[in-house]
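Enquirer: I'd like to ask you about the structure that follows.
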Amino acid sequence: MKKYSAFAIAREAFRQHSGWERAWAKRPPKKRYDVIIVGAGGHGLATAYYLGKNFGITNVAILEKGWLGGGNTGRNTTIIRSNYLQDPSAAIYEKSRSLYETLSQDLNYNIMFSPRGVIMLAQTQHEIRGYQRTAQANALQGVQTEWIGPQRVKELCPIINLDGRRYPVLGGLWQARGGTARHDAVAWGYARACSDMGMDVVQKCEVTGVRREGGKVVGVDTTQGAIDCNKLGIVVAGHSGVLADMAGFRLPIESVALQALVSEPIKPCMDVVVMANTVHGYMSQSDKGEMVIGGGADGYNNYTQRGSFHHIEETVRALVETFPMISRLKMLRQWGGIVDMTGDRSPIISKTPVENVFVNCGWGTGGFKAIPGSGWAMAELMVKGASPLADEFSMFRFRAGKFIDESVAAGVAH
């Protein structure tokens, strides 16, 4: 793999950019691998990458039924934060946020990480108490956040309206080291690094069955033929229940659509991410000038990846009071992703009832921010059988009633 650098760009400029290699190799699947990862989204690619980087396991295939990063990884709003209330959540999200800070250097690929900061607005007395409690919990967890007043919110985001008739801004939880990254670049960077280690990224290869012998996985059937493996990782977000059913067990998740939209590009006016749980909306500005807007997940189970009018109406109506300027903008495009929701709104990184089958799912509306930490934990779990970051997120916690309740911290999408 050629190293990307300013010198490489200059060299290729003189050669009409004719010397660039493919970012990742295109190879047919082999008959057998040590590990198969189903799902070439961010979480699946990160799992494969850390299997290679941390444990030297490179006889790995990442199978994707569509195109690389074409699921939720390419359909989210790129928010990165770690200001969660519960200790297990804060640990894995903070691990992920810290990995994001150096990910461009680690992958030799610019993921466009922007630590612009994240504000979670308090617009009721209840939210003030909740966020002040979270700030105290974060201090004990080693996560850098602080409670700020309305005037500080206005300084950080001048376009905000503090004096809404229904929901005035009373303060906020500020994480200065949160931010955004380019979602496609994260997937492409991980894929390039995995390919360089000799792993096979196989697109247009749908898994149609999971083969078992004596309660242990032995391989998968795919649209490109049967492939044997020693270990199998299921990392397919909203389709996790479908793959689990193929393997012979059920997951405590439900799949729903999460929608978002962007406006026409405008001049820079907002260099932070603002989330408003009370009105259930959030907004940031992309590097291209688009206002990135999103809200809550659909209220019914579905597998659609399209937008809908009711989402535009509900989300934009909620945000107009807080950001009056967006009432004058035109929508550029809208989309949806299929998210996998658990009852306690916390993920599952776990062994399963089938030996050597592992599952990583349940990230709900905030999976992008967790990609590096999730991959790190999943790789460690698959190799060692346990991981300090993943142990509390077992699928069997629901049977024991050991919930990790993040319904407030994850109450607004992302």
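The values are calculated or read from the model by the stated rules, or taken from the named source; none is laboratory data. Predicted model only: the values in this text are computed from it and were never measured. Quick reminder, even Gly has a Cβ in these numbers, built from the backbone with ideal geometry, and neighbours come from all protein chains shown. With ligands, DNA and RNA removed, areas are computed over all heavy atoms of the protein, side chains included. Shrake-Rupley method; radii C 1.70, N 1.55, O 1.52, S 1.80 Å.
Enquirer: Return the inverse of the average 1/r over all pairs of distinct C-alpha atoms in the stretch 234-318, which is the Kirkwood hydrodynamic radius, in Å to one decimal. Working shown, then result.
Expert: On the way: mean 1/r = 0.0670 Å⁻¹.
Mean inverse Cα-Cα distance, inverted, gives 14.9 Å.
Enquirer: Of T278, F396, L63, which is farthest on the positive side of the dipole of the chain, counting Cα position, with +1 on Lys and Arg Cβ, -1 on Asp and Glu Cβ, and the Cα centre as origin?
Expert: In the chain, that residue is L63.
Enquirer: Using a probe radius of 1.4 Å on heavy atoms only, what accessible surface per residue do you get for the stretch 6-88? Whole Å² is fine. Don't skip to the end; give the middle numbers.
Expert: Details: 3840 Å² over 83 residues.
On a per-residue basis, 46 Å².
Enquirer: While we're looking at this one, here's another question. State the percentage of accessible surface on the chain attributable to carbon and sulfur atoms; use a 1.4 Å probe and exclude ligands, DNA and RNA. Let's see the in-between values first.
Expert: Numbers: 9120 of 17540 Å².
Carbon and sulfur together cover 52 percent of it.
Enquirer: Given the C-alpha centroids of the stretch 327-359 and the stretch 250-273, what is the distance between them in whole angstrom?
Expert: So the two Cα centres are separated by 13 Å.
Enquirer: When DSSP assigns beta bridges and you keep just the ones with both residues in the chain, what percent turn out antiparallel, to the nearest 5?
Expert: Values: 49 of 70 bridges.
In the chain, DSSP labels about 70 percent of beta bridges as antiparallel.
Enquirer: Sum up the charges of everything whose Cβ sits under 12 Å from the Cβ of G295, counting Lys and Arg as +1 and Asp and Glu as -1, but leave G295 out.
Expert: Numbers: positive: R317; negative: D298, E313, E314.
After counting each charged neighbour, the total is -2.
Enquirer: Okay, next question. Given +1 on the Cβ of Lys and Arg, -1 on the Cβ of Asp and Glu, and no further charges, what dipole in debye does the stretch 66-118 carry about its Cα centre, rounded to the nearest 20?
Expert: Details: 5 positive and 4 negative charges, 39 e Å.
In total the dipole reaches around 180 debye.
Enquirer: Also: Work out, step by step, the length gained on full extension between K2 and R27: first 0.36 nm times the residue separation, then minus their alpha carbon distance; give nm to one decimal.
Expert: Computed gain between K2 and R27 is 7.1 nm.
Enquirer: Suppose every K and R has +1 on its Cβ and every D and E has -1 on its Cβ; what is the size of the dipole of the chain about the Cα centre, in Debye to the nearest 20? Don't jump to the answer; show the numbers that get you there.
Expert: Numbers: 46 positive and 37 negative charges, 146 e Å.
For this selection, approximately 700 debye.
Enquirer: How far apart, in nanometres, would the label points at N110 and I159 be if each is projected 7 angstrom from Cα along the Cα-to-Cβ direction?
Expert: 2.4 nm
Enquirer: Still on this model: Out of S286, S327, S18, any idea which swings most in a Gaussian network model of the chain, alpha carbons joined below 10 Å?
Expert: S18
Enquirer: Based only on Cα atoms, what Rg/Rh ratio does the chain have, Rh being taken as Kirkwood's radius?
Expert: On the way: Rg = 21.3 Å, Rh = 21.9 Å.
My calculation of the ratio gives 0.97.
Enquirer: Let me ask something additional. In the chain, if the dipole is taken from +1 on Lys/Arg beta carbons and -1 on Asp/Glu beta carbons about the Cα centre, which of H311, F323, A46 is farthest to the positive end?
Expert: A46
Enquirer: State in Å² the accessible area per residue of the stretch 313-373; use a 1.4 Å probe, count heavy atoms of protein chains only, and round to the nearest integer. Could you put the intermediate results ahead of the total?
Expert: Working: 2070 Å² over 61 residues.
In whole numbers, the stretch 313-373 has 34 Å² accessible per residue.
Enquirer: Report ³J(HN,Hα) in whole Hz for each residue of the stretch 277-288, in order, from the Karplus equation J = 6.51 cos²θ - 1.76 cosθ + 1.60 where θ = phi - 60°; Gly and Pro get x.
Expert: Rounded to whole hertz, the list is 5, 4, 8, 6, x, 8, 7, 8, 10, 6, 5, 8.
Enquirer: To the nearest 0.05, how large is the calculated FRET efficiency for F403 and F55 if R₀ is 45 Å and r is the Cβ-Cβ distance?
Expert: Working: r = 31 Å, r/R0 = 0.69.
Given R0 = 45 Å and the Cβ-Cβ separation, E is 0.90.
Enquirer: Mind giving me the FRET efficiency for R317 and F249? R0 is 25 Å, r the Cβ-Cβ distance, nearest 0.05 is fine. Mind showing how you got there, number by number?
Expert: Details: r = 42 Å, r/R0 = 1.67.
Efficiency at R0 = 25 Å is approximately 0.05.
Enquirer: Suppose R0 equals 51 Å; then what is the FRET efficiency for F309 and M197 from their Cβ-Cβ distance, rounded to the nearest 0.05?
Expert: Values: r = 46 Å, r/R0 = 0.89.
Efficiency, rounded to the nearest 0.05: 0.65.
Enquirer: Rounded to two decimals, what ratio of Rg to Rh does the stretch 103-200 give with C-alpha atoms and a Kirkwood Rh?
Expert: Working: Rg = 18.4 Å, Rh = 15.8 Å.
Rounded to two decimals, Rg over Rh is 1.16.
Enquirer: Between Y33 and residues 5 or more places away or on another chain, which pairs have amide H atoms under 5 Å apart, with H built 1.01 Å from N, and which residues are they?
Expert: D228, C229, N230
Enquirer: With θ taken as phi - 60° and the coefficients 6.51, -1.76 and 1.60, list the Karplus ³J(HN,Hα) couplings across the stretch 139-156 in order, rounded to whole Hz; mark glycine and proline as x.
Expert: Once θ is set to phi - 60°, the couplings for the stretch 139-156 become 4, 5, 7, x, 9, 7, 9, 8, 7, 10, x, x, 5, 5, 4, 5, 5, 6 Hz.
Enquirer: List the chymotrypsin sites (Phe, Trp or Tyr not before Pro) within the stretch 60-101 that fall in a DSSP loop (any state other than H, G, I, E or B) and whose Cβ has at most 16 other Cβ atoms within 10 Å. Provide the component values of the computation, followed by the final result.
Expert: Details: sites: W67, Y84, Y93, Y100; in loops: W67, Y84.
Here the sparse-neighbourhood loop sites are W67.
Enquirer: Here's another thing I want to ask about it. With θ set to phi - 60° and the Karplus curve 6.51 cos²θ - 1.76 cosθ + 1.60, what are the ³J(HN,Hα) couplings of the stretch 304-317 in order, to the nearest whole Hz, using x for Gly and Pro?
Expert: Running phi through 6.51 cos²θ - 1.76 cosθ + 1.60 with θ = phi - 60° gives 7, 10, 10, x, 8, 5, 4, 5, 4, 4, 5, 6, 5, 4 Hz.
Enquirer: Taking only the C-alpha atoms, wrap a convex hull around the stretch 269-353 and report its volume per residue in Å³ as a whole number. Let's see the in-between values first.
Expert: Working: hull volume 12.7 nm³, N = 85.
Each residue corresponds to 149 Å³ of Cα convex hull volume.
Enquirer: Can you find, among T145, A25, S374, the residue sitting farthest towards the positive end of the charge dipole of the chain, where Lys and Arg contribute +1 and Asp and Glu -1 at Cβ?
Expert: Of the options given, the answer is A25.
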